[in-house]
Amino acid sequence: MDTVWSDVSTVPLRHRVWWAEDALHASNPCWQEALGGLEGHCVAFIDSGVAQAWPALAERLHAVVKDTGLDRVSLRAVETIPGGETCKDGLAHAERVARTCFELGVSRKGGVIAIGGGAVLDTVGFGASIAHRGVPVIRVPTTTLSQDDSAMGVKCGVNAHGQKNALGAFAAPHAVICCERLLASLPLEHWLGGFSEAVKIALLKDADLLATLERDAVRIRSRDMHAARPVLRRCAELHRAHILHGGDPFEQGSARPLDHGHWAAHRLEALSGWRLPHGQAVAIGIAIDAHIARALGLLSALDAGRIVALLRALGLPVFHPLMQPADPLIEGLEQFRQHLGGQLSVPLITQPGTSREVHEVPVRAVQEACQGLANVA
Ligand SMILES: NC(=O)c1ccc[n+]([C@@H]2O[C@H](COP(=O)([O-])OP(=O)(O)OC[C@H]3O[C@@H](n4cnc5c(N)ncnc54)[C@H](O)[C@@H]3O)[C@@H](O)[C@H]2O)c1
Ligand SMILES: [Zn+2]
């Protein structure tokens with residue numbers, strides 16, 4: 001018999017998150033802790049939308065790092081990177097991040113600070129993950145969606161070959177610092193977009209959160225931080241807990257509960273030429289999946305109606321003209337199957353707080369969902 005060596009080694013995954021009303025303040029101790037384990041040069045990339053809204057931010061960041069008093073860490077440069085899906089268009093911007101690490105002497109003990117929406121965090125994170133096979137990244141999410149979902153994850157990537165996140169990596173953040181103040185400049189569409197992920201996670205895991213969203217939809221829509229704050233934090237907590245304690249952080253199995261509504265969302269984003277924002281696409285995807293679940297007899301008509309009504313109350317769309325005819329959208333199911341590798345597995349809601357993986361979605365159910373939502377919109 002041939003010799004076989006087979007072992008399983010356990011690698012610890014540390015995941016630290018700070019929340020602050022104003023994190024970019026020299027006196028905020030989160031920076032000392034986040035930068036504390038690093039050594040040498042760091043570089044920061046700021047989302048162009050954020051840089052435009054907060055022109056003094058680069059200067060502030062230099063002061064914040066200097067005032068930590070950590071003399072083994074220096075911030076070499078603060079650069080701007082295009083915000084939104086523009087930076088995820090192929091490898092160019094991620095490659096620039098990696099190149100900058102080499103040009104500025106940022107090593108695997110140094111760090112990359114990424115300040116921006118989910119698209120910038122994905123691109124900068126991916127660039128940093130391939131430089132020296134992984135430079136530590138401090139994420140500073142600046143949108144509702146990146147604070148309540150994407151910054152909590154362990155994935156990064158860019159769009160390519162006409163598909164969402166076609167190239168990417170698993171790379172846990174060194175630290176995550178959520179700053180509420182930066183949300184003030186977020187355009188309304190992107191403020192609302194982040195709450196689609198809150199509806200998603202509430203449907204999957206927390207019926208009480210769903211009731212809170214229903215109760216506070218009007219206040220959330222009008223950007224009342226007292227109503228939004230607990231929702232954003234609970235949503236982040238649930239995403240983070242699923243990834244860290246759900247038993248499959250690196251997605252080796254085929255069940256992907258957090259991808260509820262996402263097969264359709266990713267397809268619509270691609271079909272729109274990346275013009276439809278992720279948050280809005282997810283809202284539509286959730287509505288489509290609710291109709292499909294109802295058609296398959298998994299979800300009551302009452303609950304399906306409740307989901308669509310909540311999305312609309314939050315100012316989110318449930319239909320896009322690209323859903324008619326439905327054929328191009330339906331291709332998204334096959335792309336999702338290929339992404340999973342092998343069997344299709346679509347998480348559908350059975351009742352608020354509970355879901356089930358479905359391995360077959362009839363074309364007719366998608367067509368009917370699209371028609372039904374066209375009538376609602
Ligand atoms: N890696 C993951 O696990 C994961 C999870 C969910 C979503 N995502 C990705 O995140 C992306 C969506 O991210 P998003 O919803 O945060 O939007 P976004 O990153 O696309 O940003 C939206 C727009 O808002 C601007 N912006 C960002 N913050 C701002 C601020 N504070 N003030 C003013 N303008 C600001 C940006 O410049 C951009 O124009 C998608 O590409 C999606 O695939 C990744
Ligand atoms: Zn998403």
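Here are some notes:
- Within the range 177-187, one or more residues are more than 11 Å from ligand 1 (Cβ to nearest atom) and not assigned by TED's automatic domain parsing to the domain that holds HIS260.
- Residue within the range 74-85 that is over 22 Å from PHE102 (Cα atoms) and either modelled with pLDDT under 95 or not in a loop (DSSP other than H, G, I, E, B) (or both) present: yes
- ILE286 being within 15 Å of ligand 2 (Cβ to nearest atom), touching a residue at least 60 places away in the same chain (Cβ under 8 Å), under 17 Å from GLU368 (Cβ atoms) and buried (at least 16 other Cβ atoms within 10 Å of the Cβ): yes
- Here ASN159 meets each of (1) within 16 Å of ligand 2 (Cβ to nearest atom); (2) out of contact with any strand residue (DSSP E or B) (no Cβ under 9 Å at 6 or more places or on another chain) with one exception, condition (2).
- Some residue of the range 125-135 being in a strand (DSSP E or B), within 14 Å of ligand 1 (Cβ to nearest atom), at pLDDT 95 or above and in the same structural domain as GLY37 (by TED's automatic domain parsing): no
- Number of the exception - VAL64 against (1) outside any helix (DSSP H, G or I); (2) in contact (Cβ under 8 Å) with a residue 24 or more places away in the chain: (1)
- Residues (in contact (Cβ under 8 Å) with a residue 40 or more places away in the chain and within 11 Å of ligand 1 (Cβ to nearest atom)) located in the range 136-149: VAL140, THR142, THR143, THR144, LEU145, SER146, GLN147, ASP148, ASP149
- The number of residues in the range 192-215 that are crowded, with 19+ Cβ neighbours inside 10 Å and either on the phi > 0 side of the Ramachandran plot or more than 16 Å from ligand 2 (Cβ to nearest atom) (or both) comes to 4.
- Qualifying residue in the range 91-111 (condition: within 25 Å of LEU232 (Cα to Cα) and buried (at least 16 other Cβ atoms within 10 Å of the Cβ)): no
- Residue among LEU244, LEU238, LEU209, LEU213 that is assigned to a helix (DSSP H, G or I), of a type in the set (A, V, I, L, M), within 16 Å of ligand 1 (Cβ to nearest atom) and modelled with pLDDT of 95 or more: LEU238
Yes or no, residue by residue, for (1) under 16 Å from the mean Cα position of the chain (by Cα); (2) not small (Gly, Ala, Ser):
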position: HIS245; (1), (2): no, yes
position: ALA255; (1), (2): no, no
position: GLN280; (1), (2): yes, yes
position: ALA283; (1), (2): yes, no
position: ASP289; (1), (2): no, yes
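- Number of the exception - VAL154 against (1) closer than 21 Å to GLY90 by Cα; (2) of a type outside the set (Gly, Ala, Ser); (3) crowded, with 24+ Cβ neighbours inside 10 Å: (3)
- Take the conditions (1) in contact with a Phe, Trp or Tyr (Cβ under 9 Å, 6 or more places away or on another chain); (2) at pLDDT 95 or above; (3) more than 14 Å from ligand 2 (Cβ to nearest atom); ARG267 misses just one of them, which is (3).
The values are calculated or read from the model by the stated rules, or taken from the named source; none is laboratory data. Remember, it's a predicted structure, so these values are computed and weren't measured experimentally. Positions of Cβ are backbone-derived with ideal geometry, glycine not excepted, and every protein chain shown enters the neighbour counts.
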